[in-house]
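Contents: one structure, followed by commentary.
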Amino acid sequence: MLALLTLTVALLVIMVVSVSFGSREVGLDDILAALAGSTDGFDHGAVARRIPRTWMAVIAGAGLAVSGAVMQGVTRNPLADPGILGVTTGASLAVVIGLAWFGLASATSYILVAIIGAGATATFVYIVGSLGRDGATPLKLALAGAATAAALSSFVTAVVLPRQDIAEGAVSWQIGGVGGATAASISTVGPFLAVGFAICLLMAKGLNTLALGDELAAGLGERVGRTRAIAAFGAVVLAGAVTAVTGPIAFVGLVVPHVCRLVAGPDHRWLLPLSALGGGILLTAADVLGRVVARPEEIDVAIITAIIGAPVFIAIVRRHKVRAL
Amino acid sequence: MSIVRTRPHESAESSPHRAGELTPLRTPDLRAAVTTVTSARTARLRRRRIVIAVLAALVVALFATSLMVGRTFYPPADVLAVIAGHDVPGASFTVGTLRLPRACVAVLTGACFGLGGVTFQTMLRNPLASPDVIGITSGAGAAAAVAIVFFSLGGFAVSVVAVLAGVAVAMAVYLLAYRGGVAGTRLVLVGIGVAAMLNSVTYYALDKAPQWELQEAMRWLSGSLNGASWKDALPLALAMVVLGPLLLAQVRNLGALQLGDDTAAALGVRTERTRIVAILAAVGLITFATAAAGPIAFVAFLSGPIAARIVGPRGSMLIPAALVGSLLVLVADLAAQFAFGTKFPVGVVTGVLGAPYLVYLIIRTNRTGGVL
């Protein structure tokens, strides 16, 4: 409970910071004026641009972190993350193909296509990673994910490169950012994220049972396959919807649940809400960092999360015994 | 044939013994067995020589093709005249300045990636432990991109930076994966993490690159031969001439290392020295190639397994892998230029081809329950 409160306060603080810092520093009174709707002058304009961006970072971070936490629960694998398993790249490729060949136009159709791409990739990676006698070991899943991600991102380049019209915004389909967020994109993706969150939270109890191992869970009356499928669907909806509006962002879904587990233990009913808050904090902070470090330019948030997140990935690999991994 | 099975690691060429010296010849049966073994071995050797010759011929043929075809076709006579130094209107520029260096860089980078990749795979006894999976090419590529975009370096300086970065990354991955011994699986996973980090450094450098350098910068993401010139080919040729023989001189010792460290030491191999020389030479080749053409996706990873598939699993894979690497890059570059409406960077083609093979390899290893 205390952790929940602390994280909420931290999230609010980082949101305020995100609105006030950037390429241009803005004073508190100007922020308040801008929040009240004023758009006079550069300062107010800058703040008006930063508000949707901040919200986007918060909901995208929350979505990715919950998605990662659920994927770790479903696969019982400490290295699961929508980025590492290639799910976000799959979503990205689906959107790019839709744009290039099927003339996708509406934001909602992006999101639906991205969710389909994410689902297909997740299924594929899980099947490839769980072939063989000992099932889906973390190593096999991580390798299958990394290989699939590499393949799909080659395809993304191959689709995008000849098409100048979509190549303009192409970088965002390979490296995610929240800079382009608008109030419209937030309101489009919002309902999808809400559905995803709801599914994941409803499955929290089932995920706790799954953690005991399939046989014990089945013995306790859990319908293992059904729980796994529904929870994975929720995670895929979250990852796909976020990727449709931000592009692929890796490692948020890996880092945040691990940190939250240290604080709150493995109970998914606490872990998921905490991860949502933590993900919002991490992505917003990474976005602020990206704006401040490279003034007057910006670093895409996915670059920052990779540089923060990859060492955590390596630390997890080192900590676990290879057999257990 | 049973004699062959009991000595599964013996390599056809490097074995100091003949089977007949191990077992005294007493009965006609044994003599017949020895004949079978020797003839099988000769057959293998012959097949190996034929395969290598065919591969080399293919490389030469494709090299010639890539000099002749393009927007304008030049007949072999024109191409030969240009190479001989005569002045042929039109062809002198197109072939001499554009196509020849490009084809040379293609052959050399392919050979470097093939050699370096197969050395890693052999030494770590794991096809996934190739330099492009465990982050070494990403490191060299990131360093080169940063050197070019932020420090405006060019030419040989970029190669030096890339080589240093590649060696540093190789050491870092090794040390990070070290916990009372290096497990191959941990090394691969650590490498994947390191590669992710370094790739985002490359993305950052690209993001900062001025618009007109973007095409140039794309090279550091996927590898490209567009705009390859003699300036790129020269350091590469130098690296090949110096490091290639160094690596090839270790063939026998590397073969012994595959039997395990203890056995190798008992056979008189200085294991640590062999390993260090081979790794440094391999990293050098890989990073020089990356500095010249970018991290051409999966060539280092693919060459070894493909070579093993064609030649058969015995004997050293170094030369076949180098030839397969050259072949891959030449074919992929021709396809990238002419097979589609647009000119792709060569790395996109090798990436699209190579990644499914990687997935296939994982599926196959998972199915058979082998140790990855």
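The values are calculated or read from the model by the stated rules, or taken from the named source; none is laboratory data. Given the structure is predicted, the values throughout are model-derived calculations rather than measurements. In this analysis, Cβ positions are derived from the backbone assuming ideal geometry, glycine residues included, and neighbour counts consider all displayed protein chains. Ligands, DNA and RNA are stripped out before the accessible areas are found, and what is left, the full protein with its side chains, is counted by its heavy atoms. Shrake-Rupley method; radii C 1.70, N 1.55, O 1.52, S 1.80 Å.
Numbers below:
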{"quantity": "Gyration tensor (Cα) of chain B, equivalent ellipsoid semi-axes in angstrom", "calculated": "38, 27, 17"}
{"quantity": "Rounded tilt (10° steps) of B:28-68 against the dominant C-alpha axis of chain B", "calculated": "0 degrees"}
{"quantity": "Rounded to 10°, Cα long-axis angle of helix A:183-202 versus longest principal axis of chain A", "calculated": "30 degrees"}
{"quantity": "Length gained when the stretch B:Thr35-B:Trp230 is fully extended (0.36 nm per residue, less Cα-Cα span)", "calculated": "65.0 nm"}
{"quantity": "Relative contact order of the stretch B:67-368, defined on C-alpha pairs under 8 angstrom at six or more residues apart (%)", "calculated": "30 percent"}
{"quantity": "Chain B - mean residue ellipticity at 222 nm from DSSP helices (-39,500 (n - 2.57) per run, n ≥ 4, rounded to 500)", "calculated": "-24000 deg cm²/dmol"}
{"quantity": "For chain A, convex hull of alpha carbons as volume per residue, Å³", "calculated": "133 Å³"}
{"quantity": "Carbon plus sulfur fraction of accessible area for the stretch B:15-156, probe 1.4 Å, in percent", "calculated": "67 percent"}
{"quantity": "Gain on full stretching of the segment that runs from B:Arg273 to B:Leu164 - 0.36 nm per residue minus C-alpha separation", "calculated": "37.2 nm"}
{"quantity": "Interface area, A with B, accessible, probe 1.4 Å, both sides summed, Å² nearest 100", "calculated": "3500 Å²"}
{"quantity": "Sequence-separation-based contact order of the stretch A:2-317, relative, with Cα cut under 8 Å and 6+ spacing, percent", "calculated": "31 percent"}
{"quantity": "Nearest-10 value in Å² for the accessible area of A:Arg261, using the 1.4 Å probe", "calculated": "70 Å²"}
{"quantity": "Those residues of the stretch A:186-221 whose amide nitrogen sits under 19 Å from the label point placed on A:Ser130, 7 Å along Cα→Cβ", "calculated": "A:200, A:203-221"}
{"quantity": "Solvent-accessible area per residue for chain A (1.4 angstrom probe, square angstrom)", "calculated": "40 Å²"}
{"quantity": "Rh by Kirkwood over Cα pairs, then Stokes-Einstein D for the protein assembly as shown at 1.567 mPa s and 4 °C, µm²/s", "calculated": "48 µm²/s"}
{"quantity": "Student exercise, the stretch B:67-368 dipole from Lys, Arg, Asp, Glu Cβ charges, in Debye to nearest 20", "calculated": "660 debye"}
{"quantity": "Cα pair distances of the stretch B:250-324 binned at 5 Å [whole percent]", "calculated": "3, 15, 20, 22, 19, 14, 6, 2, 0"}
{"quantity": "Distance (nanometres) between label positions extended 7 Å along Cα→Cβ at A:Ala229 and B:Phe338", "calculated": "5.1 nm"}
